Structures are given as structure tokens and as C-alpha cells.
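Only one structure is covered here, and it is reproduced in the block below.
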Amino acid sequence: MSATTAALIVPAPAKVNLFLHVTGRRDDGYHLLESLIVPIDWCDTIALSPRSDSEIVRAGEVADVDAADDLAIRAARALRDASGAREGVTIEIRKRIPQGAGLGGGSSDAASVLLALNRLWGLRMSRRDLAAIGATLGADVPFFVEGGAAIARGIGEILTPVSIPTHWLALAIPPVRVSTKDIFADLQLTPMAASAKINVFSEGYGRNDLEDTAKSHFAAVRDAIDALSRAAPNARMTGSGACAFAVFADESDAQQALRHLPHGIEGRVVRTLARHPLHAFA
């Protein structure tokens, strides 16, 4: 493909864990999870420009993320290694999804790069193969590659697609960045939750087993959840934090819930997506 070919510009949506249960621990220390994950319509934007050489380059900066550690860059390199492709690409990411918020922004960027480069480079790799590459980068990457609401089990790599109604979510985003690694390292659960063993869940089902640990470290996470709880009894945290959410049937109720947020905690209303915007890419 010519280096003068126009850039391919793609979205990378965030996600919310409608519940997140920790069901056990493997011998290697990784925790076993059960979570209902849905994509939402809040997206980063990624521009991928073909190059005349074989370099993989990040254009611009991503706050607090070195290019060598950027999951999007690592995804491009992993795809090239797995496929034997020789092309190069310049990757520019416009970040909108906050980092350390439990919304999966970095993992989603990586997945969108895999899906987009599969098309840009003409690789014709299956979605399953792309998800397997994604699993080497992070537990949430296969979810974004597969592209729809799913029950995630194992360490997040075992996905069962599910169909759920569209919901509006009120998001409360505290001004803190939470380390997933630190939350799991400090996690104390006795006993751990048993798996539900089913794939149909009522609204408000479950909880987030990482929530108490995150609240003990970050008062702002506790404040965000408490504020949304005034509008919805099932308000909870997503992922390992810091973002909290409450689920509503219509947009106006979600907007009203944001009025409860204290000063310093950003609010946003988003909608769940039936499937990833790049569902046709593989």
C-alpha cells in the first residue's frame, strides 16, 4: 500500500463492567473473574497512516504513557510479528477516555489497532486470531476485539456473548487514577464469590468485588459511588475504578443523576452499544 494512502481513522470505545465478581485465584496468582461487560459510546479516536518504511511509530504524546509501553503500539508490533507483515504505520491517538478509570481505554485502543491494521494491511486474520493476539496484551483486549456485550470468565479471556437492552449510564469520574495491579494486590476476599453459572441476569444483579478495596484507597471513589446512590440504589464502580456508574432506562433520568455529584467529580451520560463500531472489520 502506498505511503500516500489516506489515514484510516477508527473509534475505540470504552466499556463498563455492569458487575464484576472475583470467583477464585489461580496458582500463578491471577484472580479468576466473572463479569458482564458492555461497550459504551464514549470513544478514543485512532488515526493509522501507512508508511513507506517498516517502522511502527506513535505520533504525538499520550499523557504518562511512553511509546514503548503504549498498548496500541504494542498491539501493532504483536500483529506484525504474528502475521509476518512488513508494512509500517504511524499511529496517532486522540485520548478522550480517562486513564485509570476502569473504562478500558488502553485495551480498547489496542483492539481497534488490531482490527484496523488487519484491514489496512490486508491480512484477513479471523477475529478469533486477533483476540488471541490481544490476550497477550491485556485481559480486556479480547473483549473489545470480539466486540459486543459479553460475560467474561477466567482472567477475562473466556467470553460468552450476551444480548442486553440498551441503557443510559450516568458516569461519575473522580480526579484520581487507579492502578489495577495495586487493587488486585491488596484485594482481600473471604470467601470469594461463587460463579453464577448462568448467562441471563436481571438489572441490578451482582456487585463489584473490587469496590471496597478501591474505596479504602481513594475517598473520591467512595464519594462518587455515594453520590450516584442517591439517584439509583445499584450505583457501583466499574473495573478496578475509579469511575462509578448508575443505570437508567432513559437519558433524562441519567442526566438528573449527575446533579448529585459533588464539586470536583466530573459527570457524563453515555449509552451502551449493542456491538463495537468496528464489528464489520473482521
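The values are calculated or read from the model by the stated rules, or taken from the named source; none is laboratory data. Note that the coordinates shown come from a computational prediction; the quantities given were computed from them, not determined experimentally. Here Cβ is always computed from backbone atoms with ideal geometry, including for glycine, and neighbour counts include all displayed protein chains.
Points worth noting:
- Counted residues, segment 74-114 - those being in a helix (DSSP H, G or I), more than 13 Å from the chain's Cα centre (by Cα) and of a type outside the set (Lys, Arg): 9
- Lys181 vs. criteria of a type in the set (D, E, K, R), at pLDDT below 95 and part of a loop (DSSP other than H, G, I, E, B): no
- For the residues Ala244, Ala274, Ala254, the requirement of being within 22 Å of Leu20 (Cα to Cα), at pLDDT below 95 and touching a strand residue (DSSP E or B) at 6+ places or on another chain (Cβ under 7 Å) singles out Ala274.
- Sole exception among (1) of a type in the set (A, V, I, L, M); (2) assigned to a loop (DSSP other than H, G, I, E, B); (3) in contact (Cβ under 8 Å) with a residue 60 or more places away in the chain for Leu117, by number: (2)
- So Asn208, is it modelled with pLDDT of 95 or more and of a type in the set (S, T, N, Q): yes
- Test: residue in segment 19-27 that is surrounded by 15 or more Cβ atoms within 10 Å (Cβ to Cβ), modelled with pLDDT under 95, assigned to a strand (DSSP E or B) and among the small types (Gly, Ala, Ser): yes
- Test: Leu103 is surrounded by 13 or more Cβ atoms within 10 Å (Cβ to Cβ) and under 16 Å from Thr45 (Cβ atoms): yes
- With respect to the conditions (1) free of Cβ contacts under 8 Å to residues at least 60 places away in the same chain; (2) at positive phi, Ala280 lacks only one, and its number is (2).
- Complete set of residues in segment 28-54 that are outside any strand (DSSP E or B) and either buried (at least 22 other Cβ atoms within 10 Å of the Cβ) or touching a Gly at 6+ places or on another chain (Cβ under 8 Å) (or both): Ser52, Asp53, Ser54
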